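Below is one structure, written out as C-alpha cells; comments come after it.
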There are 2 protein chains.
Amino acid sequence: MTDALPSWNDGAAKSAILDFVARTTREGGPDFIPPEQRIVVFDNDGTLWCEFPLQVQVFFALAEVKRLAQQDPSLLTKPAFKAMIDGDLKTLMSLPKKEVFEPAFATHAGMTVEEFHANATRWLRHAEHPKLQRPFLHNAYVPQRELLDLLRAQGYKTYIVTGGGVEFVRVVAETLYGIPPEQVVGSSTKMKLEDGEGGMVLRKLPELGSFDDREEKVVNIALHIGRRPVFAFGNSDGDLAMIRYTLAGDGPRMAWYLHHDDAAREFAYDRDFKLSALREGLDRAAELGIGVVSMKKDWNRVFAD
Amino acid sequence: MTDALPSWNDGAAKSAILDFVARTTREGGPDFIPPEQRIVVFDNDGTLWCEFPLQVQVFFALAEVKRLAQQDPSLLTKPAFKAMIDGDLKTLMSLPKKEVFEPAFATHAGMTVEEFHANATRWLRHAEHPKLQRPFLHNAYVPQRELLDLLRAQGYKTYIVTGGGVEFVRVVAETLYGIPPEQVVGSSTKMKLEDGEGGMVLRKLPELGSFDDREEKVVNIALHIGRRPVFAFGNSDGDLAMIRYTLAGDGPRMAWYLHHDDAAREFAYDRDFKLSALREGLDRAAELGIGVVSMKKDWNRVFAD
C-alpha cells in the first residue's frame, strides 16, 4: 500500500490521523461521517506555511506601506505603521496581532479587488523570506499538503480559516494547497461597489470588516460554511476557539496543534512570539483532547526543496 | 435525447439557456469556461420559491414576534413590528425591504444557531401559505430546480445569494434545491460564541451583521465565493447589482430575471410590490443584456403539485 503521508514519521500523530480517516469513511462503521459533513478547517500562517518572524502578509505590507504613508501621513501615529516604515521587525514582533494586521490590511485600501490580486501575485513572484533566504512561495509545509490531499481523496472538504486577509490567502491557496477561493475564509476589509467605465468593480476600503481570529473564526465558520467542522488544525491561541468548537460537536472529532520546535529546519517558538503565541493551547491541549504535532519529531521533511 | 428542462416551454429562454450550457462546457470551443470558474448565483425569494405577498421568513417572524414583544415592549415602536403583531399584511407589503427584514431577523435573537435551526424546521413542517393554501415547503418552482440540476450536471457550482437570513435559507436549501449550507450566502445577524456547559455554541444577537441586498450581494459574493459568477438569476431590483456584476466580467455570461406575470398559477406583480420591486431591472433589461423569463409563457409547470 502506498503511504499517503510520506513526509510524516511513523508515530502516534501519523497513526491517529490515518486511523481517523479510515474509520470515519468506512461505510456502515460506528464512526462513519456522511460525506457532506466531512468539513475540515486549517489555519494558514504557521500551520500551512511559515509565519516567523512575521506573517507573509506583514512582509507584503512592509513593501507597500511607504506609498501609503505618503498619501496619508497621519497613519504614522500608529505604532505598527511606524515600525513598518522603519523596518523595525522587533517592534512588530512584540505587538498584538490585530495591531499589526489592521495597518497591514490598510495598505491595500483604495485598490480594486482585481488590482490587489495582481499586486500581491507580482510581489509574491519574487519576494524572499529574509531568514530562510528563499521565496515565500517555497515555504509551504510539504507534510500538510500531503494531509490535505489525503483528506480530499477521502471526501473531506478542506477549508482555510485564517487571520490573514482573505484575498491575500486566496492568491496562493489554490497553487500551494489545492484549496479554491470559495474555501478560504479570512479577515476582510469593507468594500465598495463602483459602477464605473470599466464595468462594476469592488474597491477595498481602509476599514476592517472582520478580523478573523479567535472567537471570530468560529463566527465566520458558521457564516461561511454553516456546519461545524469535524477536524481542525492550528498552531496558536488564535486557533483555540475554532479547535474547541470543532471538538465540541457530536461524533468523531479530531484537532491538532502544530508545534514549532524545529530551529534547525524552520523555527522554534511558542509562548513568547506575541504575533502568534501558543500558550493557553499548549497548556490545555491534553485536557481538551487536542493532539500536538512536533515539527521536529513528526515530520521527516518540512519544505519541498 | 432527454429534455433536461421538461417544465420549460420551448422558446427563446429555454433555447438560450441550453445553448449557453452547451457551448460553455464544450472543451476546446471558443466559449469554454473552465470548471472551477463555473459559478452561478440565484436569488431565493421570488426566484426559487414564492415570495408573495410576503417572504416566507416574514411569515415565520409573524409567528415568533409576539413572544419577542413581551420580552421587550419598546420594539413596538418600529412600524414593521407593530404591523407584524397586528397581522397587518398590507402595511408590511408597503414598507421597504430592510425595514421588514431587520425586525424579522430580530425575532431570532437570543437563540443559538442550533435552536434557530430546530425552530425554523419545526415551523416549516406545518406552516401554510395563506393564499396558496398549502405548505410553504411546496412552493419551490419546479422549473428552477430542473435548471439547477442541469447546471450542476454540467459542472456548475450553484449558489444562493439571498436577502433572507442565511440560517433560515440553509434549513430548506439542501432539500428544496440541492444546495448545501456552504453554498448559501445571505443576510446575517451578529453572533456571539458562548463557552457554556453544553459546549461551545453560537448565539444570535439582535444586531444586523449584513443585509444581503443590492450592492451588498456583490460584496458578499466577493467575500464568500471570491470569483465573479458567470450566470445569475434574480427577480427584483435587489438583484440588479449582482446581475450586472456577473455580466460585466470577461467571456461568456448570462443573466435572467424571472417575471411574475402569472396570476392564475402564482401571482402577477413587478413595479408596485415594494417588498421586492422589479422596476429598474425591467426598464433596463434589454439595454443591459438581461433576459426576462415569463412565468406564464416560459413555464408549463410552476409547482410540484
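The values are calculated or read from the model by the stated rules, or taken from the named source; none is laboratory data. Owing to the predicted nature of the structure, the values given are computational and were not obtained by experimental measurement. Please note: Cβ atoms are built from the backbone with ideal geometry, for glycine as well, and neighbour counts cover all protein chains shown. To get the accessible areas, we keep the full protein, side chains included, count just its heavy atoms, and leave off ligands, DNA and RNA. Shrake-Rupley method; radii C 1.70, N 1.55, O 1.52, S 1.80 Å.
Which whole number gives the average count of other chain Cβ atoms within 10 Å of the Cβ atoms across peptide B:209-215? Walk me through the numbers before you get to the answer.
Values: counts 4, 2, 0, 0, 0, 1, 7.
Counting Cβ atoms of other protein chains within 10 Å of each residue's Cβ and averaging gives 2.
Compare each residue of the stretch A:217-264 in its chain alone against the assembly with all protein chains, and report those whose accessible area goes down by 50 Å² or more; 1.4 Å probe, heavy atoms.
In the stretch A:217-264, residues shielded by partner chains: A:VAL219, A:LEU223, A:HIS224, A:ARG227, A:ARG244.
What list of ³J(HN,Hα) couplings, whole Hz, do you get for the stretch A:205-219 from phi and the Karplus terms 6.51, -1.76, 1.60, once you set θ to phi - 60° and write x for glycine and proline?
9, x, 10, 5, x, 9, 9, 7, 9, 6, 4, 5, 4, 5, 4
In a shell of Cβ-Cβ distance under 11 Å around A:TRP49, excluding A:TRP49 itself, what net charge do Lys and Arg (+1) and Asp and Glu (-1) give?
-3
Using the crude model of +1 on Lys and Arg Cβ and -1 on Asp and Glu Cβ, and no other charge, please compute the dipole size for the stretch B:163-305 relative to its Cα centre, in debye to 20. Spell out each step's value before the answer.
Values: 19 positive and 24 negative charges, 50 e Å.
That gives the stretch B:163-305 a dipole magnitude of about 240 debye.
Over the alpha-carbon set of the stretch A:174-305, work out the extent along each principal axis and list the three values in angstrom, largest first.
57, 40, 28
In whole Hz, what ³J(HN,Hα) sequence does the stretch B:97-103 give by Karplus (6.51, -1.76, 1.60; θ = phi - 60°), x for Gly and Pro?
Result, rounded to whole Hz: 3, 5, 5, 8, 6, 4, x.
Can you list residues whose amide H is under 5 Å from B:PHE303's amide H, if they're 5+ apart or on another chain and H is modeled 1.01 Å from N?
B:VAL142
Below 15 Å, Cα to Cα, which aspartates and glutamates can B:LYS14 reach? Residues fewer than 8 away in the same chain don't count.
Within the straight-line limit of under 15 Å, B:LYS14 reaches these aspartates and glutamates: B:ASP3, B:GLU146, B:ASP149, B:ASP298.
P(r) for the stretch B:241-298: what percent of alpha-carbon pairs falls in each 5 Å bin, starting at zero?
Whole-percent P(r) values from 0 Å outward: 4, 17, 26, 23, 16, 8, 4, 1.
I want the antiparallel fraction of DSSP beta bridges within the protein assembly as shown, as a percent rounded to 5. Can you show the working numbers first?
On the way: 30 of 68 bridges.
In the protein assembly as shown, DSSP labels about 45 percent of beta bridges as antiparallel.
Which percent of the accessible heavy-atom area of chain A goes to carbon and sulfur, probe 1.4 angstrom?
Taking all protein chains in place, chain A shows 51 percent carbon and sulfur surface.
What are the extents of the Cα atoms of the stretch A:159-225 along their three principal axes, listed from largest to smallest and rounded to whole Å?
Principal-axis extents of the stretch A:159-225 (Cα, largest first): 38, 27, 18 Å.
Arrange the residues A:ILE33, A:ILE85 by how much accessible surface each exposes, largest first, with a 1.4 angstrom probe.
Working: A:ILE33 10, A:ILE85 45 Å².
So, going from the largest accessible area down, we get A:ILE85, A:ILE33.
Inside 10 Å of the C-beta atoms of B:185-193, what's the mean count of C-beta atoms belonging to other chains?
Details: counts 2, 2, 0, 3, 0, 2, 7, 3, 11.
Going residue by residue through B:185-193 and averaging, the value is 3.
Quickly work out the A:LYS192-to-A:THR2 label distance, labels modelled 7 Å from Cα along the C-beta direction, and quote it in nm with one decimal.
5.1 nm
Given bins 10 angstrom wide, list per bin the percent of all Cα-Cα distances in the stretch A:56-97, short to long.
31, 59, 10
Quick one: compute a quarter of the convex hull surface over the Cα atoms of chain A and quote it in nm². Numbers along the way, then the final one.
On the way: hull surface 66.0 nm².
So the mean shadow area of the Cα hull is 16.5 nm².
In nanometres, what is the gap between the two model label sites at A:GLU207 and B:ALA248, each 7 Å from Cα along Cα-to-Cβ?
According to this spin-label approximation, the distance is 2.0 nm.
When the chain is fully extended, how far beyond the present Cα-Cα distance does A:ARG67 get from A:ARG26, taking 0.36 nm per residue of separation?
Values: separation 41, 0.36 × 41 = 14.76 nm, distance 5.53 nm.
Taking 0.36 nm per residue and subtracting the Cα distance, the gain is 9.2 nm.
How much accessible surface does B:VAL113 have with a 1.4 Å probe, in Å² rounded to 10?
B:VAL113 has an accessible surface of roughly 30 Å² with all protein chains in place.
Just A:TRP256, A:TRP49, A:TRP123 to compare: in a GNM of chain A, with alpha carbon springs under 10 Å, which one fluctuates most?
Checking each option, the largest mean-square fluctuation is seen for A:TRP123.
Along Cα→Cβ, 7 Å out, is where each label goes; now give me the distance between the ones at B:ASP149 and A:GLU174 in nm to one decimal.
In this crude label model, B:ASP149 to A:GLU174 measures out at 3.0 nm.
Compute the convex hull volume of the Cα atoms of the stretch B:22-125, divide it by the residue count, and report the result per residue in Å³ as a whole number. Intermediate results must be reported in sequence, preceding the final value.
Values: hull volume 16.4 nm³, N = 104.
Taking only Cα atoms, the stretch B:22-125 has a hull volume of 158 Å³ per residue.
Normalising by the residue count of chain B, find the relative contact order in percent from Cα pairs under 8 Å and 6+ residues apart. Working shown, then result.
On the way: 514 pairs, mean separation 71.1, N = 305.
Over chain B, the number comes to 23 percent.
Just the accessible area per residue of chain A, please: how many Å² with a 1.4 Å probe? List each step's numbers first, then the result.
Details: 12110 Å² over 305 residues.
Solvent-accessible surface per residue comes out at 40 Å².
Using alpha carbons only, how many degrees (0 to 90, rounded to 10) separate the axis of helix B:166-177 from the longest principal axis of chain B?
40 degrees
Using amide H atoms built 1.01 Å from N in the peptide plane, name the residues 5+ places from A:VAL292, or on other chains, whose amide H lies under 5 Å from its own.
Excluding prolines and chain starts, which carry no amide H, the hits are A:TYR257.
Return the calculated 222 nm mean residue ellipticity for chain B, to the nearest 500 deg cm²/dmol, obtained by summing -39500 (n - 2.57) across DSSP H runs with n ≥ 4 and dividing by the residue count. Kindly include the intermediate steps, with their values, before the conclusion.
On the way: 12 runs with 122 residues, N = 305.
The helix contribution divided over chain B gives -12000 deg cm²/dmol.
Project the alpha carbons of the protein assembly as shown onto their principal axes and report the range along each, largest first, in whole Å.
Projected onto its principal axes, the Cα set of the protein assembly as shown covers 76, 57, 53 Å.
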